[in-house]
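Engineer: Got a structure here, written out as structure tokens. Questions coming.
Bear in mind these aren't lab numbers, they're just calculated from the coordinates by the rules spelled out. In this text, all values refer to a predicted model and were calculated from it rather than measured experimentally. Positions of Cβ are generated from backbone atoms using ideal geometry, with glycine treated the same way; all protein chains shown enter the neighbour counts.
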Amino acid sequence: MGTRAMSKFYITTAIPYVNAAPHVGFGLEAVQVDALARYHRQIGDDTFFLTGSDDNSITNVRAAEREGMPVAELVARNTQGFLELHRRLDIGYDKFIRTSVDAIHAQGAARLWTAVAVAGDLYRKDFHGLYCPSCELFYDENELVDGLCPEHLTAPEPVQENNWFFRLSKYQDQLDDLISSDQYRVIPGTRKNEVLSFIRSGLQDFSVSRSTERARGWGIPVPEDPTQVMYVWFDALSNYITALDYAHDGELYQRYWVDNPARVHGVGKGIIRFHAVYWPAMLLSARVPLPTTLFVHGYYTVDGRKMSKSLGNTVNPVAMVDKYGTEAVRYYFLGATSPTGDGDFSIAELEARYNADLANDLGNLVNRSVTMIQRYREGRVPNAPAPADEDAALQSAGATLADRVGAAMDGFDFQLAISEIWAVIGSANRYIETQAPWKLAKAEVDDENSRSRLDSVLATLAQTLRLVAVNLQPFLPGAAAEILDQLGVGDDAFRPSWTWPVGVLVSEPKPIFPRLERTVTA
Ligand SMILES: [Zn+2]
């Protein structure tokens, strides 16, 4: 598809703390990143998609203490919930890294630590500060909202320790240059400005270790200092390279990190500071290449409040998939949610969009087209005569759809990509109304011209549907496969130059999105 030169694409989700079951915000991120990975695979990029679990957080230690079980057991159990969510949402990752289990992670984090130490960027210091254990972050007094963590609305804890510190302040000017020049691109621009103003407010060195005692011995040991474990963010951020075997300069590390022009992180807006400031500074210090792009999505609110595990107002994404199906939930995340802004999560909206966009617009188009090809041509997609004027607009809209979807995806705008696809679906539905194939079918009995017109209309519909399905593949892979299946064509339909194979029959029509009875009123 498209005319882009083949390239490479490495993309990651953030790795969530697995102190509880996944919430809907992580489902959004996983689906966004999955759509990007599927899109880049489709256009021929050598693509690698990494996700995983952040096991070494103190939050996990505390959750395990509350539940009276060993931490390793708690994270192993909760990780299953994330793997289950990935299955339900059809997330096609290449690797799932577990930071407490995979040996190459601990080895890689230790290598990164040592590289930073060799650069002279670590020192011991006495410290006291206000710590939010849910964020795993020290806050300045002036960053708190009414004395509470701005993310979790809980009171931070006073902590006094002697820890290892990282010389973040040393990298202030370099980070400013890299981000303002887009060498490390932060998307959207509002987030880039937020990062730059944080950097320009003055960067403080930050503590990168914890006492082994306070961490209850859980975490990655600091090399050559058994009294300390690594600060969980130091270890967690390093997963983006450790998973590729940075520890041993592995083949994947060379291929997808060092020798690759597209190293992309997808994250939520709450953890920009870690990804746009701490992480690139650690890499600069260790003389490791930086990521190229940070894509930042917003948060869902429920009744105007941030959805979070600590606030207890989460929506269970697995239950949503049980009720509405994988494709409907993916559609809501990608087509009905701003890719970078905040949105209020609404089941009523999900149901409304399901019925309007999926059941009516797309489902009916597939059903009517396949039914007519069955009824009027015994399931055979006819050879189209030279296109008439009536067909040309729809044919050209279908043929150029991949270019418009590609432009939207280059800008990380899933919603725009999907609206481009739905514009073609809308045109195809209007085309059926104006061409009225059922009238042509009556007239063709004794009119050669009507017979030829009906061939054209059915062929145009079949080709348009095929192109809709191909373009839909990164977003709704299940629905795309179902449409291609009903059209009787398979994966070879993804090739750019393609003609309808002789002798292929469309299947019996089968609704791909049965209408929902409304269970919630808008
Ligand atoms: Zn917090």
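Engineer: Where does the chain land at 222 nm, in deg cm²/dmol rounded to the nearest 500, when only DSSP H runs of n ≥ 4 count, each adding -39500 (n - 2.57), divided by all residues?
Structural biologist: Only helices count here, giving -13500 deg cm²/dmol.
Engineer: Rounded to whole Å and sorted largest first, list the principal axis extents of the Cα atoms in segment 8-335.
Structural biologist: Here the Cα extents, ordered largest to smallest, are 53, 45, 38 Å.
Engineer: Can you pull out the trypsin sites (Lys or Arg not before Pro) in segment 249-293 that DSSP calls coil and that have at most 13 other Cβ atoms within 10 Å?
Structural biologist: Loop-located and lightly packed - Arg287.
Engineer: List the residues, sorted by chain then number, that are 5 or more residues from Gly379 or on another chain and whose placed amide H is less than 5 Å from its amide H.
Structural biologist: Amide H neighbours of Gly379, under 5 Å, 5+ apart: Gln374.
Engineer: Across every pair of different alpha-carbon atoms, what Kirkwood hydrodynamic radius in Å does segment 115-215 reach?
Structural biologist: Every distinct Cα pair counted, the radius reaches 15.4 Å.
Engineer: Another question about this same structure. Can you list the DSSP H helices in the chain whose Cα atoms extend at least 20 Å along the helix axis and whose mean Kyte-Doolittle hydropathy is 0.5 or higher?
Structural biologist: Once both thresholds are applied, what remains is 103-118.
Engineer: Here is a follow-up. Counting pairs on different chains as well as pairs 8 or more places apart, how many Lys pairs in the chain have Cα atoms under 26 Å apart?
Structural biologist: Taking the Cα cut-off of 26 Å, the pair count is 17.
Engineer: Once the principal axes of the Cα atoms of segment 1-80 are found, what is the range along each, listed largest first in whole angstroms?
Structural biologist: Per principal axis, max minus min of the Cα coordinates gives 57, 20, 17 Å.
Engineer: Taking R0 as 22 Å, what FRET efficiency do you get between Lys95 and His248 from their Cβ-Cβ distance, rounded to the nearest 0.05?
Structural biologist: Efficiency at R0 = 22 Å is approximately 0.90.
Engineer: Please return the longest range in the chain lying between exposed loop sites, taking GluC sites (Glu not before Pro), DSSP loop only, at most 10 other beta-carbon atoms within 10 Å, and leaving the sites out.
Structural biologist: 1-223
Engineer: Tell me the label-point distance for the pair Ala388, Ala319, using the 7 Å Cα-to-Cβ offset, in nm and rounded to one decimal.
Structural biologist: Distance between the two pseudo-spin positions: 5.4 nm.
Engineer: Where nothing but the Cβ of Lys and Arg (+1) and of Asp and Glu (-1) is charged, how large is the charge dipole of the chain around its Cα centre, in debye to the nearest 20?
Structural biologist: Charge dipole of the chain: 360 debye, to the nearest 20.
Engineer: Using a Förster distance of 60 angstrom, determine the FRET efficiency expected from the C-beta separation of Lys269 and Ala443, and round it to 0.05.
Structural biologist: Step by step, r from the Cβ atoms, then E = 0.55.
Engineer: In terms of the ratio Rg/(2.2 N^0.38 Å) built on C-alpha atoms, what value belongs to segment 295-438?
Structural biologist: The reported ratio for this selection is 1.31.
Engineer: While we're looking at this one, here's another question. Within the set of other residues whose C-beta is less than 12 Å from the C-beta of Asn471, count the net charge using Lys and Arg as +1 and Asp and Glu as -1.
Structural biologist: Counting the neighbours of Asn471, the net charge comes to +1.
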